[in-house]
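Heads up, the thing below is written out as C-alpha cells.
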Amino acid sequence: MDTAKDTLLSGRRRFLAGSLALGAAALLSPAMNGAARAAGMTPDATNGEGERESRMERRRLGGLEVSAIGLGCLPMVGYYGGKYEKKDMIALIRRAFDKGVTFFDTAEVYGPYISEEWVGEALAPVRNQVRIGTKFGFGVEEGRPKALNSRPEHIRRAVEGSLRRLRTDHIDLLYQHRVDPQVPMEDVAGTVKDLVQEGKVLHFGLSEASAASIRRAHAVLPVSAVQSEYSLLWREPETKIFPTLRELGIGLVPYCPLGRGLLAGAVNERSRFVDERRATLPQFTPEALKRNMALPNLIRDWARRKNCTMAQFSLAWLLAQAPWIAPIPGTTNPAHLDDFLGATAVSLSPEELREFTAACSRIRLVGHRADAFTESQIDK
Ligand SMILES: NC(=O)c1ccc[n+]([C@@H]2O[C@H](COP(=O)([O-])OP(=O)(O)OC[C@H]3O[C@@H](n4cnc5c(N)ncnc54)[C@H](OP(=O)(O)O)[C@@H]3O)[C@@H](O)[C@H]2O)c1
C-alpha cells in the first residue's frame, strides 16, 4: 500500500494553482458562462470554481488529474433495471459537477450511445472544467455490441461517433473497453497515438487488460489509466496488475466500486434480480447472496464504528489503497450521489485498515464476479 499523504498535500498545492488558472479562464470566457446560464446551471457551477472544486480532493492517473471520486454513468441507462428520464439524469450529472466531481465515465456501448449523449448534453456548458472518459472496442456500429472490434478503422469511426455525441472536439481519456485478441495491442495503441497527435484524444486507457497487455500498450503510447473491476467484493487486481501499474506510473479506475450496490447496503439476501445485469452474475444468485452477505454485514459494523455510511466506508477503503486510485461509483439517485461523495471525508488509519482487512480475509465469498461470456472477453 502507498502512503496517500504526500500526494494529498501536493494535490492540494496543485489544486490551488489550478483554481487560479481556472478562475482566470472563467473571467476570459463569457461565452461559456452564457452557455451555463442558458442550461439553467447555477453561476457557482462555472464562476465559483475555486469554491466548488475545493470540496473534492484530486488525484493523478498517469498524466491526468481528476476528482478523487468520479461518476459512472452506466446505471442511468437501466443497466440495473428501471427506466430513467433524460432530464433527471442530466440534472444528476450536473449535480455531481456542482459538488466537485470532475471525472465522468461513459462508453459507446452504454445504451448503446444514450449514456454518451446524456453526458455530452449535461457537461457541454462546463466542458473545459471536466474530464470525460469513454470507451471503444465492441462492434456497436455493426449491430453486434457483444462482439469485440478494435480494428484501427473501427476505432477511428467509434471515436468520431463519441466526439459527436459528447459534443466535444476531444476525449480526455479514451479506453479500449476490452482487449481484442484479433488485433495486436501495438496496432491499437498506434491508432490511439495517431488520434492523440490529431488532438482528438488526450489520454489513453485500457479496461480489464492483463499486465502483459498493459506493458505492450504502454511501450507504444503511455497509458494513463487502467479501468478494472476492483472493490471489497473483487480484489483480484491487487495481485494481477497492481505491481505493473505501480512500476509504470499508471492510475487505476476501479469500476463497480460499490459491488453493484451490495457494498452500499442496497442488496440483502432476499434480493432477487430480473431483467438486469445482476440476474446473470454468479455472485448474486440466491445461494451466493446468503454467504456473501457476511461482507456487507462487516462493512455495516465498521460504518457504524466510523460514523459513516456503508457506501462511504467502501469507497474510503478503496481510496486508502493507493493515491493513484480514483473510483467511479454509479447511481441514478441524487441522494445516493450525495451519500457516496462523502467518502473523501472518511479517513482510515493504518491500524484500522489492518484490522478491517484481516476481518475481511476471514470471509469466504462465493460465486464469480462475471458470467462466463463476459469473463471470456477479459484479458488474463
Ligand atoms: N469498464 C468496464 O467494463 C465497466 C463495467 C461496469 C461498469 N463500468 C463503469 O463503472 C461505473 C461504476 O460501476 P457500476 O455503476 O456498474 O456499479 P457500482 O458503482 O458498484 O454500483 C452501482 C449501484 O450501486 C447503487 N448505489 C450507488 N450509491 C449508493 C448508495 N449510496 N446507497 C445505496 N445504493 C447505492 C446504485 O443504485 P442507485 O441507482 O439506486 O443509486 C447502483 O445500482 C459504471 O457506472 C460504469 O461507468 C465499467
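Derivation of every value follows stated rules applied to the coordinates shown; laboratory data play no part. No experiment lies behind these values; they were computed from the predicted model shown. Counting neighbours? That spans all protein chains shown, and the Cβs are built from the backbone with ideal geometry, glycine included.
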- Note on the structure: Restricted to the chain, the DSSP antiparallel beta bridge percent, nearest 5, is 20 percent
- Measuring from the lowest to the highest alpha carbon on each principal axis, how far does the range 254-379 reach, largest first, in angstroms? 39, 33, 32
- Item | Under 5 Å, built H, 5+ apart or other chain: amide partners of residue 71 | 103, 104, 105
- Note, residue 123: beta-carbon cut-off 9 Å, +1 each Lys/Arg, -1 each Asp/Glu, net +2
- Around residue 81 (Cβ within 13 Å, Cβ-to-Cβ, excluding residue 81; K/R +1, D/E -1) the net charge comes to +3
- Task: Kindly write out, for the range 81-95 in residue order, the coupling ³J(HN,Hα) from the Karplus curve 6.51 cos²θ - 1.76 cosθ + 1.60 (θ = phi - 60°), rounded to whole Hz, with x marking Gly and Pro.
- Result: x, x, 10, 10, 6, 4, 5, 5, 6, 5, 4, 5, 5, 5, 4
- Residues whose placed amide H lies under 5 Å from that of residue 61, excluding near-sequence neighbours: 66
- Calculate one ³J(HN,Hα) per residue across the range 194-199 by plugging θ = phi - 60° into the Karplus curve 6.51 cos²θ - 1.76 cosθ + 1.60, and present them in order as whole Hz with x for glycine and proline. 4, 5, 5, 4, 7, x
- Query: Any idea how far the Cα center of the range 125-184 sits from the one of the range 328-376, in Å?
  - Reply: 28 Å
- With θ set to phi - 60° and the Karplus curve 6.51 cos²θ - 1.76 cosθ + 1.60, what are the ³J(HN,Hα) couplings of the range 298-304 in order, to the nearest whole Hz, using x for Gly and Pro? 5, 4, 4, 4, 5, 4, 4
- Net charge near residue 236, counting Lys/Arg +1 and Asp/Glu -1 over other residues with Cβ under 9 Å of its Cβ? +1
- Message: To make sure I understand the rule: partners must be lysines, Cα under 29 Å from the Cα of residue 83, and not fewer than 8 residues away in the same chain. Which ones qualify?
- Response: 99, 135, 146, 290
- Residues of the range 285-318 with amide nitrogen under 15 Å from the 7 Å Cα-to-Cβ point of residue 335? 309-311
- Item | Kirkwood Rh (inverse of mean 1/r, distinct Cα pairs), the range 108-223, angstrom | 14.1 Å
- Message: Based on the alpha-carbon set only, what is the convex hull volume of the range 5-376 divided per residue, in Å³?
- Response: 133 Å³
- Note on the structure: For the pair residue 297 and residue 98, the simple spin-label estimate (label points 7 Å beyond Cα toward Cβ) gives in nm 4.0 nm
- Message: Let's test the formula: R0 of 41 Å, r as the Cβ-Cβ distance of residue 160 and residue 246. What FRET efficiency results, to the nearest 0.05?
- Response: 0.70
